[in-house]
Number of protein chains: 2
Amino acid sequence: MQNILQDISIRRKILNYNKFTGKEFTVGQVYLGIDLGGSNMTAALISSAGAILDLEKIETKAQQGPEKVIRRIVCVSKTVMEKAKIETKQLKGIGIGVPGVLDTKQGVVKYSPNLPGWKNIPLRKKLRAAFKKTVIIDNDANVAAFGEKWQGAGKGYEHVVVYTLGTGIGGGIIQNGKISHGSCDGAGELGHTTIITNGPRCGCGNYGCLEALASGTAIAREGRKTIRSHPGSCLAKLVNGSKQPLTTKLIFQAARAGDRVALAIIEQAGTYLGISVANIINLLNPQIVIIGGGVSQGGESLLKYVRAEAKKRALKELYKCTKIVRAKLADRAGVIGAAGIAIQDNP
Amino acid sequence: MQNILQDISIRRKILNYNKFTGKEFTVGQVYLGIDLGGSNMTAALISSAGAILDLEKIETKAQQGPEKVIRRIVCVSKTVMEKAKIETKQLKGIGIGVPGVLDTKQGVVKYSPNLPGWKNIPLRKKLRAAFKKTVIIDNDANVAAFGEKWQGAGKGYEHVVVYTLGTGIGGGIIQNGKISHGSCDGAGELGHTTIITNGPRCGCGNYGCLEALASGTAIAREGRKTIRSHPGSCLAKLVNGSKQPLTTKLIFQAARAGDRVALAIIEQAGTYLGISVANIINLLNPQIVIIGGGVSQGGESLLKYVRAEAKKRALKELYKCTKIVRAKLADRAGVIGAAGIAIQDNP
C-alpha cells in the first residue's frame, strides 16, 4: 500500500512539475542527463518531452583524478534525484557528455585534455554499476549539439550542424537525426578545417584553421592588435577604462557602441566563419546551421557577417534551404543533449 | 516442361557466367545497374556479389529529350538482358545513376545541366512502369562513390569519401555504409568548398573552390600558363610536338619524364586536394578517402602530394586511421554502384 502511494506521489510529481517554467506538463519517462566539464559538472532530470525537472551543478575537481570525479558524478546525480523526489528505479536511462576523446561504442574515455588521469576509463561500465541503468556516453560537443537539435534552435530538424564558439571552436554534426561519429568517434571537428592556407598557427599544429581565426581566443588576439594600432579607438578606451584584460565581450560591447575597429574585428571573424559555413552547406546540405557558445552571445552582429559570406560562397540552391541561427539553450544544451542521447538510445 | 528447362538454363547461366573474368561463380540474385551520362549510357547485369554478368553501352542522344532518352534506357537494358539470356522476371531490382539534381525520395530528376529538357521527370515511376520492378535512382557521383565503396577501393569500409576528378570535381560521402544525401539531396559537393579565399573564379560563382584549383580544367589552365612562361620546358615541347590541345594526360606524361614545371603543376593541384582531404578527415573521420576520375589516372604522383599535405594539416589521431588511395573501378564504378544501391534498397 505504501509503495503504491509512493508511486502515485512520484507520478504526480513527474506529471505536474516544471521548476523552470512553472507550467504543468505530462511526461512519459524520466532520464538523467549529465554534462561533465573540466571545471564543473551538471546533472539534470529531464522528461522524455525535454523538460528539465530539476538540475544540480557542482565543481568537477578534476585534479582529484577519475575515481573521485566519477564518485562526484554519482553524488550530484543522487542529489538531484533526491531534490526532485525521483528514485533510481524511476529512471529510464542515463546520458553523459564528456570533454575528451572517447570510444562511444565501448563506452570508454580514451583520454581527455581537461580531465587529468583519464586514460581508457570505462565510464559507461562504472556508471552502469552505480545506477543499474542503461548508460550512454558521448563527446561533450556532440552532446550539446544534440541538445540544440532536440530542444533548442534545431527542434524539428534532422540535418543539423552546430558550431560552439568559445575559447576554441567545437561542434557537432547531426544527419538523419543522429550524431555523426565517423569511423573512430573523431567526426565534427568544425574548428579544425583550413580557412586561410597560410593563416595563423592553430593549437592543433595546422595553420589557418577556423579556430585560429574566429574563436574567442582569436578574436581577443585581434582585439589586442587593434588596441595597439588604434589607441584612440572606443575599444582601446573601454579596455583601459575597465582595467580588465580584453575579452570578446568588450569587443562586442564596443561594436554595439558603433566602434569601427571593433566592428571590423567582428566582421573578419564572421567572414571566416561564413566561409566554413558555406563549405559545410555544400558538403553536408544541412537544414539548419546553429551558432552557439560564449562568443555567439555577442549578438546578431556576428551572424550578419556569417550569413553574408555563406550566401556569397555556397551553392545557391543549397544556401536557399539552409537556416543560419543562434543557439537557444546556452549552457543547458549539455544536460538536455545528454538526456536526449539516452532517450534516442532507449526510448 | 519447356519453362522448367528454360529456368534451368537461365539458372546455369547465372551460376557459371562471368564474361569479364572468365571465372565460374555463384550468384544469389541479379540486379540491373544503369549509368546515365550526358554522352553515353551503360546498363549492366550485376550479381548480388558484385560481379558483372554482362554490360552494354550506347549513346545517350541527350538532345532528343527525356522521353526518347528514357526509351533508350529501356532499350539498352533489354539488350543486355537478351545478351545474357536473363528475363525481366529474373531481376531483383534496378538502380540508376543520373547526372543531375534529384529528389531521390520521390524518384524525380529535378533538372540536369547535361540532359536538355529534363525538368521534374518522374524517372523512377517511368522505369518501374517499363520493368514492373523496384527502381532506385541517385545522383551519378553518389552512385559511382557507392560503387567504389561496395566493390572497389572502399570494399569492406563503412565510412568512405570519394573524390571524382574530371573536368570538374564531384564526389560522394558514405557514412555508416550509406550515401549521405543531406536534407535535399545536395550533400557531397566536394569540388565546391573554398580552399583559397581569393582564388580563381569557379563555375559555381564562388572563388577558390577546389574545382577551380585541382580539376582537369584547372590543371590544364595551369599547364597553358606554364607553357607561355616556360617555352623551353619538356611540357611545352610535348604539346607543340603532339599538335593537340594541352590535356592533363600530357602534363602527367611530362611529369613522368621528369619535367620540373609539369611536376610543379601536379604538386600544386595535389596540395590543394590535400587541404580538402584534411578538412574532410577532421569533419567526417572517414576510414578511407578514394581519389577517382580521369585526372587520378595520372598515377601515384598526385596522391603523394595529397597525402603529404593532408598529413600536415589533419589532426594526427584522425589522419593516422585514414587511408588515401586511388579508385579501382574506373568507368565501371557507375553501373556497379547503381546495382549496389538497388541491392541495399532491396537485398
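Structural remarks
- Whether the range B:75-169 is rounded, prolate or oblate, judged on the alpha carbon gyration tensor where a/c under 1.5 counts as rounded: oblate
- Springs join every pair of Cα atoms under 10 Å in this Gaussian network model of chain B, and among B:LEU315, B:LEU32, B:LEU102 the largest mean-square fluctuation is at B:LEU315.
- Less than 5 angstrom separates the built amide H of A:GLY93 from those of A:LEU32, all sequence-distant by 5 or more or on a different chain.
- Shape of the range B:247-316, Cα gyration tensor, a/c cut at 1.5: prolate
- You can think of it this way: the chain between B:LYS105 and B:ARG128 has 6.8 nm of extra reach, that is 0.36 nm per residue less the Cα-Cα gap.
- Largest first, the extents of the alpha carbon coordinates of the protein assembly as shown on the three principal axes equal 78, 75, 44 Å.
- Here r is the Cβ-Cβ distance between A:ASN176 and A:ARG228 and R0 is 51 Å; the resulting FRET efficiency, rounded to 0.05, is 0.55.
- C-alpha center-to-center spacing [the range B:71-114, the range B:180-210] in angstrom: 29
- Spin-label model, A:LYS249 to A:GLU300: label points 7 Å out along the Cα-to-beta-carbon direction sit 2.3 nm apart.
- For the range B:215-270, the Kirkwood radius over C-alpha pairs fed into Stokes-Einstein at 25 °C and 0.890 mPa s yields D = 231 µm² per second.
- Estimated translational D of chain A in µm²/s (Stokes, Kirkwood radius over Cα pairs; 10 °C; 1.306 mPa s): 75
- Label-point distances for A:ARG201 to the equivalent site in the other copies, using a point 7 angstrom along Cα→C-beta, read 3.9 nm when ranked shortest first.
- This ranking places A:LYS304, B:LYS243 by how few other beta-carbon atoms lie within 10 Å of each, fewest first, which gives B:LYS243, A:LYS304.
- Measuring nothing but how far apart in sequence close Cα pairs (under 8 Å, 6+ apart) lie, relative to its length, chain A scores a relative contact order of 18 percent.
- Exposure proxy shown here: for A:TYR163, A:TYR111, A:TYR319, B:TYR272, the number of other Cβ atoms within 10 Å sets the order, fewest to most, as A:TYR111, A:TYR319, B:TYR272, A:TYR163.
- Copy-to-copy label separations for B:LYS132, where each label sits 7 Å from Cα toward Cβ, in nm and ascending: 6.0
- Counting from the shortest, the label point at B:TYR111, 7 Å from Cα toward Cβ, is 5.2 nm from the same position in each remaining copy.
- Listed by chain and number, the aspartates and glutamates whose alpha-carbon sits under 13 Å from that of B:LYS85, ignoring those within fewer than 8 places in the same chain, are B:ASP7, B:ASP54.
- Global size of the range B:141-246 as Cα Rg and Dmax, reported in angstrom: 17.4, 52
- Gained length - B:GLN63 relative to B:ARG221, 0.36 nm times residue gap less alpha-carbon distance: 54.0 nm
- Scattering curve values for the range A:202-296, log₁₀ I(q)/I(0), Debye with Cα scatterers, q = 0.13 Å⁻¹: -0.49
- Reachable aspartates and glutamates from A:LYS320, criterion Cα separation under 19 angstrom, eight or more residues apart if same chain: A:GLU158, A:GLU309, B:ASP103, B:ASP185, B:GLU189
- Across A:LYS89/A:LYS119; B:LYS155/B:LYS178; A:LYS68/A:LYS92; B:LYS83/B:LYS328; A:LYS105/A:LYS132, pairs whose alpha-carbon gap is larger than 21 Å: A:LYS89/A:LYS119; A:LYS68/A:LYS92; B:LYS83/B:LYS328
- Cross-link partners of A:LYS225 among lysines, defined as those whose alpha carbon lies under 21 angstrom from its own and excluding same-chain residues fewer than eight positions apart: A:LYS237, A:LYS243, A:LYS249.
- With the simple model of a label 7 Å out from the Cα in the direction of the Cβ, B:ALA308 to B:ALA264 spans 1.5 nm.
- Rule-of-thumb Rg ratio for the range B:156-328 [Cα; 2.2 N^0.38 Å; N residues]: 1.05
- Among A:GLU82, A:GLU148, A:GLU267, residue whose mean-square fluctuation peaks in a GNM of chain A (springs only between Cα atoms under 10 Å): A:GLU82
- Chain A: DSSP helices with Cα axial extent of at least 24 Å and average Kyte-Doolittle hydropathy no lower than 0.0: A:260-284
Rule-based calculations on the coordinates, nothing more; no lab input. From a predicted model like this one, the values you see are computed outputs, not experimental measurements. A quick note on method: Cβ atoms are made from the backbone with ideal geometry, for glycine too, and the neighbour counts reach across all protein chains shown.
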